[in-house]
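Written out below as structure tokens is the structure these notes cover.
Values in this text are rule-based calculations from the coordinates and carry no lab data. Since this is a predicted model, take the numbers as computed values, not measurements. Positions of Cβ are generated from backbone atoms using ideal geometry, with glycine treated the same way; all protein chains shown enter the neighbour counts.
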Amino acid sequence: MSVIFKAKLKNAKTAINDKDYSYSYDLCHDLLELDSTNYNVHILLGVSCQHLQKWNEGTAVYRKAQGLGKANVLAWQGLCALHEAEGNDQELVRSLGSLRDRYSNQEDDLEKAWETHQKIIALAEKSGNQRQAVAELRLLTGDSGPLHRLLLAGNAQGIMTEREILQRMFAEESALDARTVDAEVAKRRTRLAAGPLAKVMRDVRMEVWAQSGVLQTLARLIVLSLDADERLRWEEQYFAQLRLRTGYIGASAEAAEMAEEAARVAVDLVRNARCPQAFEFLMDAAACAGVDSAEVARAYARVFGDGRLAHAARAGECSDPDEAVALAAEGRRRAPESPFALVQALGAAERARDWRAVVGAGAAARAAIGEQAGGGAAG
């Protein structure tokens, strides 16, 4: 590096310190004629461009500097500062992502990587792109890549645990899914060819669920639970989401797989006397399959005495035919679409020898079981 080059470089730095950006801009161009690959000159020129609002030139200068192979992050930091001054949030998010990745590859810069990642999330939320904010949070979980080391390290101030991040993700994404469904249904209902509300609701929910990561988040929260009680609380949430989806997907391999997973979780919840819906799910599933669920029904009636299927469950245990019919009738009133309630009504009518009621209950039971098997829409 010549004496003249060093002197001009020093003058350019002084001009920037003095906020004489026009002078530093000219000096940097002179210096690039002497050495077109000097990293520091590119950085100083980028700063000058930012303050002179030469956004396109500044962007090009910083990107050229990034390609010069230097280890320090000044070019990445400078490009972020330029896009922030420009108010270009879209490019700022991209530049912050590159800066974060460079920080995350250095063990000493984990806190800076975390801070940069939080800026990306804040920008996504500011722009109303909650889906992107959740996606950015997801990069910190599981085995998603180098960013997960931020959590594994556990020594950077202000860094949340993976469990805390997942809890935040679940709260934000489940609320986002609900808002998206409501907004999209309202929009589609104004169309001339919208069709029945039930179909619009089903179509919208299917589209939103295809993009949602709520099930994956809940599955991971179950694994990371600190104790049995917390695990069961997350299992209840997981089961509720699975149960809702099985009612909309329809008859398919995916629906069968999801129903099997819902049954697996329901069994654990029933074993721990949690969640009346888990009992009801197993009782209805058993009714559809023609399997006896008396033990589950007895436990349900004992634990959830005023539950939706409690009267139907007691009807199956009642020895008095007339009382059983009355209990079954109340069970059907409370849960008219439940296969379990309909099967219990059929059984009570048979024991009471009310053959007209047997025919009616049998037809209703067959219809309900057929609808459940075909994946009828749930509310």
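Helix 253-271 and the longest principal axis of the C-alpha atoms of the chain enclose an angle of approximately 70°.
Between Ala171 and Ser127, what FRET efficiency comes out of the Förster formula 1/(1 + (r/R0)^6) with R0 = 22 Å and r the beta carbon distance, rounded to 0.05? Before the final figure, lay out the partial values.
Working: r = 20 Å, r/R0 = 0.90.
Once the sixth-power term is evaluated, E becomes 0.65.
Candidates Asn129, Pro336, Ala259 compared by Cα position along the dipole of the chain: farthest toward the positive end lies Asn129, with charges placed on Cβ.
Could you work out how much longer the chain between Ala198 and Val267 gets when fully extended? Use 0.36 nm per residue separation minus the Cα distance between them, nm to one decimal. Kindly include the intermediate steps, with their values, before the conclusion.
Working: separation 69, 0.36 × 69 = 24.84 nm, distance 3.02 nm.
Contour length minus the Cα-Cα distance gives 21.8 nm.
Here the chain is treated with +1 on each Lys and Arg Cβ and -1 on each Asp and Glu Cβ, and its dipole about the Cα centre works out to around 620 debye.
Compared with the alpha-carbon gap, the fully stretched path from Arg63 to Glu86 is longer by 6.7 nm at 0.36 nm per residue. Contact order, relative form, for the range 198-349: 14 percent (alpha carbon pairs under 8 Å, 6 or more residues apart, mean separation divided by residue count). In the elastic network of the chain, a GNM with C-alpha springs shorter than 10 Å, the most mobile of Arg100, Arg138, Arg271 is Arg271. Adding -39500 (n - 2.57) for every DSSP H run of four residues or longer, then dividing by how many residues the chain holds, sets the calculated 222 nm ellipticity at -24500 deg cm²/dmol.
Karplus-based coupling profile of the range 311-320, in residue order and whole Hz: 5, 5, 5, 5, 4, x, 9, 6, 8, 8, with θ = phi - 60° in 6.51 cos²θ - 1.76 cosθ + 1.60 and x standing for Gly or Pro. Scalar couplings 3J(HN,Hα) for the range 115-126, obtained by applying the Karplus form with A = 6.51, B = -1.76, C = 1.60 to θ = phi - 60°, are 4, 5, 5, 5, 5, 4, 5, 4, 5, 4, 5, 4 Hz; x denotes Gly and Pro.
How would you classify the range 209-320 from its alpha-carbon gyration tensor, with a ≥ b ≥ c the square roots of the eigenvalues: rounded for a/c under 1.5, else prolate if a/b is greater than b/c, otherwise oblate? Mind showing how you got there, number by number?
Working: a/c = 2.65, a/b = 1.46, b/c = 1.81.
Verdict is oblate for the range 209-320.
Enter the angle in degrees (range 0 to 90, nearest 10) between the Cα long axis of helix 74-86 and the first principal axis of the Cα atoms of the chain, meaning the one along which they spread out most. Taking Cα atoms only, the helix is inclined about 70 degrees. Cross-link partners for Lys119 among the lysines, with Cα-Cα distance under 19 Å and sequence neighbours closer than 8 places in the same chain left out, do not exist in this structure. Contact order, relative form, for the range 1-151: 13 percent (alpha carbon pairs under 8 Å, 6 or more residues apart, mean separation divided by residue count). Residues considered: Leu166, Leu92, Leu218. Largest GNM mean-square fluctuation over the chain, using C-alpha springs under 10 Å, is found at Leu92.
Tell me the label only: which of (i) 27.3, 98; (ii) 20.4, 65; (iii) 31.6, 111 is Rg and Dmax of the Cα atoms in Å as calculated from this structure? So the calculated entry is the one marked (iii). Of all lysines in the structure, the ones whose alpha carbon falls short of 26 Å from that of Lys187, not counting any fewer than 8 places away in one chain, are Lys126, Lys199.
Of Gly67, Ala228, Leu139, which is farthest on the positive side of the dipole of the chain, counting Cα position, with +1 on Lys and Arg Cβ, -1 on Asp and Glu Cβ, and the Cα centre as origin? Of the options given, the answer is Gly67. Which of the lysines could a cross-linker span from Lys6 if the Cα-Cα distance has to be under 28 Å and same-chain partners fewer than 8 positions apart are dropped? Once the sequence-local lysines are set aside, what remains near Lys6 is Lys19, Lys54, Lys64, Lys70. Between Leu215, Leu224, Leu32, the residue with the greatest mean-square fluctuation in the GNM of the chain (Cα pairs under 10 Å linked by springs) is Leu32.
With respect to the chain, whose longest principal axis is taken over its alpha-carbon atoms, helix 228-249 is tilted by about 80°.
State, as an integer percentage, the relative contact order of the chain based on alpha-carbon contacts under 8 Å between residues 6 or more apart. Please list the in-between numbers first.
On the way: 445 pairs, mean separation 28.3, N = 379.
That works out to 7 percent.
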